[in-house]
1. Does region 2-14 include one or more residues that are without any contact (Cβ under 8 Å) to a residue 40 or more places away in the chain, open to solvent by 20 Å² or more (accessible area, probe 1.4 Å), of a type outside the set (Phe, Trp, Tyr) and out of contact with any Cys (no Cβ under 6 Å at 6 or more places or on another chain)?
2. For region 102-143, which positions are open to solvent by less than 30 Å² (accessible area, probe 1.4 Å) and among the β-branched types (Val, Ile, Thr)?
3. Which ones in region 131-172 are of a type in the set (A, V, I, L, M) and out of contact with any strand residue (DSSP E or B) (no Cβ under 8 Å at 6 or more places or on another chain)?
4. Could you pull out every one of the helices (runs of 4 or more DSSP H) wholly within region 24-97 that has 3 or more residues that are within 18 Å of the chain's Cα centre (by Cα)?
5. Does residue 147 satisfy the condition of being within 18 Å of the chain's Cα centre (by Cα), on the phi > 0 side of the Ramachandran plot, open to solvent by less than 20 Å² (accessible area, probe 1.4 Å) and in contact (Cβ under 8 Å) with a residue 12 or more places away in the chain?
Amino acid sequence: MKKHLVVLTGAGMSAESGIKTFRDADGLWEGHDVMEVATPEGFEANPELVLDFYNQRRKQLFEVAPNAAHYDLAKLENNFNVTIITQNVDDLHERAGSNNVIHLHGELLKVRSTGNESDVQAWQTDLVLGDTCQKGYQLRPHIVWFGEDVPMIEKAVSICETADILLVIGTSMQVYPAAGLIHYVPHNTPTYFIDPKPNISSKENLTVIAERATIGVSKILNTLNNNN
């Protein structure tokens with residue numbers, strides 16, 4: 001039976017594909033204050049600005065491609081039962097061939113009804129005011145904004161509880177509740193942390209690789225396959 005490899009990925013996973021990290025040091029996202037474009041209050045105050053912001057992010061997504069690290073993770077499915085839990089809202093894991101991906105913070109290529117959060121649909125074009133669900137409610141980006149619940153977190157916790165190996169890539173592990181997931185893996189689970197600026201508290205059986213995703217995952221690919 002294949003070992004269960006759980007992978008937690010963040011912005012650093014997609015950065016080498018050309019997708020801007022969520023927040024730079026100045027607290028801005030693509031030139032916007034995150035409170036304007038990533039909160040329910042921002043959407044209520046200026047829905048057109050918010051819809052346009054995510055329309056631009058969606059367009060950008062069609063201009064980029066998965067990088068080598070995305071493809072290397074997909075290859076690991078040959079030898080492991082892989083579950084990817086990502087904070088990213090892009091579809092690059094899926095495009096690279098990964099089959100089991102959980103998006104904690106939503107997906108750019110989906111929208112949902114403002115009147116029924118379980119009414120989610122695929123969406124690839126611009127979303128504008130007047131685009132409504134069947135019941136007449138305005139559609140909004142299927143993104144978890146600041147101040148909103150993270151509906152997939154309980155599923156992510158249950159997955160981490162069954163991990164045989166944990167791989168953390170390109171995330172500061174500072175944003176909760178995602179950062180708390182590392183505490184749910186079984187005691188002494190082999191853990192690999194890949195980030196150019198690793199920031200992780202001491203953990204048993206931890207290997208830190210201070211590299212960007214493409215280099216770090218390439219290194220880990222051989223280690224994992226050889227140890228399997």
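1. no
2. Matches in region 102-143: 102, 111, 143.
3. Passing the criteria: 150, 153, 157.
4. 47-62, 68-75, 92-96
5. Spelling it out, it is not the case that residue 147 is within 18 Å of the chain's Cα centre (by Cα), on the phi > 0 side of the Ramachandran plot, open to solvent by less than 20 Å² (accessible area, probe 1.4 Å) and in contact (Cβ under 8 Å) with a residue 12 or more places away in the chain.
The values are calculated or read from the model by the stated rules, or taken from the named source; none is laboratory data. All values reported here derive from a predicted model rather than from experimental measurement. In this analysis, Cβ positions are derived from the backbone assuming ideal geometry, glycine residues included, and neighbour counts consider all displayed protein chains. SASA here: full protein model, heavy atoms, side chains in, ligands and nucleic acids out. Shrake-Rupley method; radii C 1.70, N 1.55, O 1.52, S 1.80 Å.
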